[in-house]
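Have a look at the structure below before the remarks.
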Amino acid sequence: MPARTLFEKVWASHEVVAETADTPAILYIDLHLTHEVTSPQAFSVLRERGLPVRRTDRTLATLDHSTPTDRAQLFGEIPIRLESARHQVEALERNAAAFGVELLGLKSERRGIVHIIGPELGVTQPGKTIVCGDSHTSTHGAFGALAFGIGSTEVGHVMATQCLLQRKPKTLAVEVDGRLAPGVGAKDLVLAIIGRLGVSGGTGHVIEYRGPAIEALSMEQRMTVCNMSIEAGARAGMVAPDQTTFDYLQERPRAPQGEAWDAALEAWRALHTEPGARFDRVLELDATEILPMITWGTNPGMVVPVTGVIPASGDAVFHKSLQYMGFEPGQPMAGKPIDVVFVGSCTNARLSDLREVARVLRGRRVDKSVRMLVVPGSQQVKREAEAEGLHQVFIDAGAEWRESGCSMCLGMNGDTVASGRYSVSTSNRNFEGRQGTGARTMLASPLTAAASAVTGRITDPRDLLA
Amino acid sequence: MDSVTTITSRTLVMASTNIDTDQIIPARFLTTTTRDGLGKALFADWRYDAEGQPRPDFLLNTPEAVGRSVLVAGRNFGCGSSREHAPWALVDFGFRAVISTEIADIFRSNALKNGLVPVIVDEQAHAWLLEHPGAEVTVDVERCVLSLPDQREVSFPLENFARYCLLNGVDELGFLLSRLPAIEEYEQRERK
Ligand code: SF4
């Protein structure tokens, strides 16, 4: 057998039927995660056709996208104010009960953003195929799983058959040499990668992140990197599992235990790209050269170092983007005044992200011109942060500390940025209107977001970390 | 799904590159639990002003937009969120085909499941289409050919299975369900 990549190994072991010239492969799905926004139409299809959810043991639902982040609404002391969100929450509660799907519901201690709770529970595991009706499903690839987002019709396919019809994607190796410098994080790395690849550079490909800089990352950092694979157009991003992965998973509530753990470990150790295996494309980067990054435009590929300047010229889209952002060509990013800082989302709302933010905020105050929202990625992250006293650091600094959910990442639950306002956000999309109609989003790392909150201006976090 | 064989229409042109699904339909419209009636939310943030009134200069609000079913868009159409609400909104508005040089993966897959034909053409044909808004074109799914008004024919890629499903109105779920015995056998073999 020729040398195979990690992706090819996972793909091959999940082919129920291999692809032919006339038919796509039937790919088996080990784990189906679902949430309130992209599932209702799929449940309707099952109802219309009289079909059950075939493998409820491989299906896990949660509520995250449109859920409130204030306690009283979340825990039912008062009704969810946004009527449309309330309907969607109730629809998933009804559907999960009717179809026997496990739901980590509003009051569950295990609830959180779907891409944060999978790893936390230990259901995200190396070598699995994982899908969800959400493009940031690529996050789970950090464990060496093949994980990708699907549309609602496909959500129905997986519910009914535990399979998907798929053409085999191509492979792209992103080789990262060197080490990230102090004050530079996984978010900066992935923004730099997207800057290099462009927002469609990964279309049709599954990325494998490799090299010393990737191996040195923690699991939480690897998740940040894989999370944004889709922002380069890639279906999925993967990192080969190693000791860091196994240490993270051991003793997680739903990870294999005892003898099953030993057996799993043996299988997982074989999940790496063999020497001599070929990728369709390769991109090489040196981590040492990467600086803290920030976006200046309306897609994640429009990005420069915090110390950099907006490009001097560009096409019509460039100018439209700058007009939307209220920026001029050639301007420096550092020093631009801001209105809102959002720390949250499946990209950067895990415990390590919150620790970074606290590192900057401890003993400092959020500038009075800035509203800062800190939204943990899950209820577990919230509990852990509170056990360490991080919440007190945020509150003392003048930031708002909330219940978990997607919140201001996409503004479906009413947490939005007002039109024309500038937001520095640790989330993953700076599209027009993403955080609210007319909102102007700049994506950055938790450190950069926190530093900018303190000064009220775009700030290089290294200036405050000295 | 209804079968789709040929689509003939004058084009509407939105030349911007990287039109993401948040633009096609903003998140606040995703709180629906059905797939109907989303056409009115299509491109909402570009189409309506702060008071919810149609902006007269936006393409979809112009008299030319009425009855057109082919959209020509800049490179990398449909990137971003996996929301199938994007093709639902386009189809509900009346579109049956989207032409670009590049169409994002998940959007493309979602489009095909809703009878919206993703037509990927070369730079040259694309440039011509951008320069000639309103040109009458025909998308021929059977032959995978886009016909331009000057009789020119431009072929586009469509993998066999997708083409078969469009032409015959086959729904993929039915196909998958017919393969349940193979799926069960796989589960037993792999102890899943
Ligand atoms: S946090 Fe944002 S990107 Fe992540 S799942 Fe929620 S809405 Fe999507």
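Values for this structure:
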read-out: Matching residues, the range A:123-139, being within 12 Å of chain B (Cβ to nearest Cβ) and within 14 Å of the ligand (Cβ to nearest atom); value: A:VAL131, A:CYS132, A:GLY133, A:ASP134, A:SER135, A:HIS136, A:THR137, A:SER138
read-out: Qualifying positions in the range B:81-107 - within 22 Å of B:TRP128 (Cβ to Cβ) and more than 9 Å from every other protein chain (Cβ to nearest Cβ); value: B:PHE95, B:ARG96, B:ALA97, B:VAL98, B:ILE99, B:SER100, B:THR101
read-out: Residue ID - nearest to the other protein chains (Cβ to nearest Cβ), chosen from residues in the range A:105-122 that are open to solvent by less than 10 Å² (accessible area, probe 1.4 Å) and among the aliphatic types (A, V, I, L, M); value: A:VAL114
read-out: Residues that are open to solvent by less than 10 Å² (accessible area, probe 1.4 Å), assigned to a loop (DSSP other than H, G, I, E, B) and of a type outside the set (A, V, I, L, M, F, W, C), drawn from the range A:127-147; value: A:GLY133, A:GLY144
read-out: One residue from A:GLU175, A:GLU154 being more than 17 Å from A:PRO126 (Cα to Cα), within 14 Å of another protein chain (Cβ to nearest Cβ) and of a type in the set (Asp, Glu); value: A:GLU154
read-out: From A:PHE327, A:PHE318, A:PHE342, A:PHE279, residue being surrounded by 15 or more Cβ atoms within 10 Å (Cβ to Cβ), at negative phi, within 14 Å of chain B (Cβ to nearest Cβ) and aromatic (Phe, Trp, Tyr); value: A:PHE318
read-out: Those residues of the range A:41-64 which are at the interface with chain B (Cβ under 10 Å from one of its Cβ atoms), open to solvent by less than 10 Å² (accessible area, probe 1.4 Å) and under 26 Å from the mean Cα position of the chain (by Cα), in sequence order; value: A:GLN41, A:ALA42, A:PHE43
read-out: Elements of type helices (runs of 4 or more DSSP H) in the range A:188-286, at least 2 residues being in contact with a Leu (Cβ under 8 Å, 6 or more places away or on another chain), within 30 Å of B:PHE107 (Cβ to Cβ) and in contact (Cβ under 8 Å) with a residue 40 or more places away in the chain; value: A:219-227
read-out: Residue list for the range B:23-33, restricted to those being facing another protein chain (nearest Cβ under 7 Å) and out of contact with any Asp or Glu (no Cβ under 7 Å at 6 or more places or on another chain); value: B:ALA27, B:ARG28, B:LEU30, B:THR31, B:THR33
read-out: Qualifying residue in the range B:57-72 (condition: within 13 Å of another protein chain (Cβ to nearest Cβ) and at negative phi); value: no
read-out: Some residue of the range A:24-36 being over 25 Å from the mean Cα position of the chain (by Cα) and at the interface with chain B (Cβ under 10 Å from one of its Cβ atoms); value: yes
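The rows are residues; the columns are (1) surrounded by fewer than 24 Cβ atoms within 10 Å (Cβ to Cβ); (2) in contact (Cβ under 8 Å) with a residue 60 or more places away in the chain; (3) in the same structural domain as A:THR298 (by TED's automatic domain parsing).
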site: A:SER352; (1), (2), (3): yes, yes, yes
site: A:GLN380; (1), (2), (3): yes, yes, yes
site: A:SER404; (1), (2), (3): no, yes, yes
site: A:CYS409; (1), (2), (3): no, yes, yes
site: A:ARG434; (1), (2), (3): no, no, yes
site: A:LEU443; (1), (2), (3): no, yes, yes
site: A:LEU464; (1), (2), (3): yes, yes, no
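The values are calculated or read from the model by the stated rules, or taken from the named source; none is laboratory data. These numbers were taken from a predicted model, which means no experiment stands behind them. We place every Cβ from the backbone using ideal geometry, glycine too, and count neighbours over all the protein chains shown. Each accessible area value is taken on the protein alone, full model and side chains, heavy atoms only, with ligands, DNA and RNA left out. Shrake-Rupley method; radii C 1.70, N 1.55, O 1.52, S 1.80 Å.
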